[in-house]
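K.L.:
The structure is given below, and queries will be raised subsequently.
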Amino acid sequence: MPCYLTPNGVLCTGNEPVSIEHKGRTYRFEWSGGCRWLPVNRDGSGRRSPVPVAVWQKLEAKYPKGGEK
């Protein structure tokens, strides 16, 4: 799994991201065993966008066990 050093820490990518739609926007998340769900931007910049609480609630409702199988 590729990992990148970002201003906010280390971002490990490689999992297929999941998408949550909210108010006309798409929020993407990847699962990391160490950090659980991470909001990601697929442009490779490493920056993370703020995620509304309602989106986190939708994500947790859709994937109650997280990214673990």
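K.L.:
Using the count of nearby Cβ atoms within 10 Å as a rough guide to exposure, how do K58, K23 rank from fewest to most? Each step should come with its number before you reach the end.
P.N.:
Working: K58 15, K23 7.
Ranked by crowding around the Cβ, least crowded first: K23, K58.
K.L.:
What does the extension gain come out to for E60 and S19, with contour length at 0.36 nm per residue minus their alpha carbon separation? Each step should come with its number before you reach the end.
P.N.:
Details: separation 41, 0.36 × 41 = 14.76 nm, distance 1.22 nm.
Full extension of this stretch gives 13.5 nm more.
K.L.:
Which value in nm describes the separation of the simple spin-label points at V53 and R28, placed 7 Å from the Cα toward the beta carbon?
P.N.:
Placing both labels 7 Å along Cα→Cβ, they lie 2.8 nm apart.
Each reported figure results from applying straightforward, stated rules to the coordinates on display, with no laboratory input. Note that the structure is predicted; figures quoted are calculated from it, not measured. Methodologically, a virtual Cβ is constructed for each residue, glycine included, from the backbone with ideal geometry; neighbour enumeration extends over all protein chains shown.
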